[in-house]
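All remarks here apply to the structure that follows.
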Amino acid sequence: MNHIQQVFIQSIMKQQQQEKQQQVKQEENGQKQNIQYLQKQQLLTIIQKCQQQQQPIQQASKCPTLIEVQNQITSYFQQMILQKQTININNVLDQQLPYFLQVMGNLIINGLENCQGDKEIVQEIISQYKSNPLKITMSCSLFQTIGLLFRSQLVYYDQCTKYLANFLLFRDDFCDIFFNTLYIYQITHGQTFSQQIGFTQIHQMIKKTQDDVWTAFIFKMMSQQQQKMTKDIFLLQFNQYTVSMNNFFTKSNLIMDLVAQSVKQTSKLHNDEIFQEYLLIMGSFKATTQDFLKKATQVFFEETNDLDLLQFSNNIIKIHKQMNCQILFILPMLLQLESQYLDHLIQNGIQEQQPVKNSSNYYLKMIEKLKNKCVYNGEEECNCKKCLCIRRNRNSAKESQKKKREALEKIGPLQDEYDKIQKKVQSLEKENQVITKLLLDVFKHPSLEQLASQFIEPLTKIISDQEFYNIDEC
């Protein structure tokens, strides 16, 4: 290859690299545009809900209610999202809370300070929230808007605030699930009532202040806030729950991303205990979900057509002990685990770059391996490549077993005949051995010893020929 050809090939390779880089940039720009479009659509949906809430409030009373103040905060936050302005906040709370609640509480107080409401009422609410942040409650539209703010990374509290963009409570695929399960009805000024999610309910989920907190949460989620849960509702909700959790483990999430970063960047992000717990939860979900569904359906509805909270609580303890897993508690367990991880990052800091622990790479490999395992494990409900392959292998194995059974059925009569022949041969061999021994003993007698050489060899030949004949005859 001469110099001109080398230059020509190099120029072609550079052109190809440039084209690839342009393609990657176009894809990244396309993804950013899609995310921005989704955020705008989410914001429009929240605004419409907020407007629907405001209409009855304005008609009901001139005195501003909690909902009205919340709607003003929501409007302020929505303007910040539309203008893509970052909200800088500082800690003004008198009580220490888990990190994500600490940031959210300060964000709501910032919204109160900037909303266009009755100053006296707003100041009264702010003082209550500062002294006891567990009194903070949020309407659906406010909670969704706060989630969108974090996902858009438009809130700055400290260097860890960016991790809240992927925090389970604020994810767009789980935000509604948590609100619809945890909300309570709150009456304001005896005139209006609304669905509110409070810091108290969320805090109880994280700290698990009572043993039945998670059980009550799962029952509300599965029964859709009804007092009784039927078998049909349970099967429908469990299927949706499985799909949601499978998507969570398959796609990017907070702990998975931080495991990957701890491999590439700093050991400050590393936490063996949390990584191990995450792997156990993920592995348990992937391995036992379908078996759990069969067992749970059998135990829950064996003697009744519907369950109340007490019956559900008693049965769920029994099932978890029998199967040595806690499938139904995976969602609150993950929320608690992510909260603990964020608190770990705050306590340890992430500025210093130190040598990476080798085990981080192990966790990353195990997570990637489990990601490729489908939770349905070949069941008919799923048509992914893994399940189709498993079903093909199962069908092939069944077909092979069927052919073996059919072959054995045909061989059966022949085997019986062969066994009969073998028994006959063994019987003849024993008879010949007896005859041979008798003849040898006879010719050992002194009077016949001289004749032995004349008869032994011909008799032996006759016996062996007879054996061959008998076998052939058989």
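Do any of Lys228/Lys371; Lys228/Lys369; Lys373/Lys410; Lys228/Lys295; Lys135/Lys321; Lys135/Lys286 go past 31 Å between their Cα atoms, and which? Too far apart for the 31 Å limit: Lys228/Lys371; Lys228/Lys369; Lys373/Lys410; Lys135/Lys321; Lys135/Lys286. Global dimensions of segment 273-322 from alpha-carbon coordinates: Rg and Dmax equal 13.4, 41 Å.
For Leu342, what is the net charge nearby, where nearby means another residue's Cβ is under 12 Å from its Cβ and Lys, Arg count +1, Asp, Glu -1? Kindly include the intermediate steps, with their values, before the conclusion.
On the way: positive: Lys162; negative: Asp158, Glu338, Asp343.
After counting each charged neighbour, the total is -2.
Here the gap between Val299 and Leu388, fully extended at 0.36 nm per residue and compared with their Cα-Cα distance, gives a gain of 29.0 nm.
Between Lys402 and Gln290, the FRET efficiency from the beta-carbon distance, with R0 = 22 Å, is close to 0.35. With the simple model of a label 7 Å out from the Cα in the direction of the Cβ, Gln311 to Lys365 spans 4.9 nm.
Largest first, the three principal axis extents of the alpha carbons in segment 118-238 are 50, 40, 27 Å in whole numbers. Normalising the average separation of contacting C-alpha pairs (under 8 angstrom, six or more residues apart) by the number of residues puts the relative contact order of segment 121-177 at 27 percent.
Within the shell of other residues whose beta carbon sits under 11 angstrom from the beta carbon of Leu309, the net charge comes to 0, with Lys and Arg scored +1 and Asp and Glu -1. Charge tally around Ser127: other residues with Cβ under 15 Å, Lys/Arg +1 each, Asp/Glu -1 each, net -2. Note on exposure: Tyr76, Tyr363 ranked by accessible area (1.4 Å probe, complete protein assembly) read Tyr76, Tyr363, with the most exposed listed first. Of the accessible area of segment 182-330, computed with a 1.4 Å probe over protein heavy atoms only, carbon and sulfur atoms account for 47 percent.
Accessible area of segment 384-427 with a 1.4 Å probe: how many percent of it is carbon plus sulfur?
Ligands and nucleic acids excluded, carbon and sulfur reach 55 percent.
Rg ratio for segment 161-292: its Cα radius of gyration over 2.2 N^0.38 Å, N being its residue count, equals 1.24.
The values are calculated or read from the model by the stated rules, or taken from the named source; none is laboratory data. This is a predicted model, so every value here is computed, not measured. FYI the Cβ positions are ideal-geometry reconstructions off the backbone, even for glycines, and counts take in every protein chain you see. The accessibility values were calculated without ligands, DNA or RNA, using every heavy atom of the protein model including side chains. Shrake-Rupley method; radii C 1.70, N 1.55, O 1.52, S 1.80 Å.
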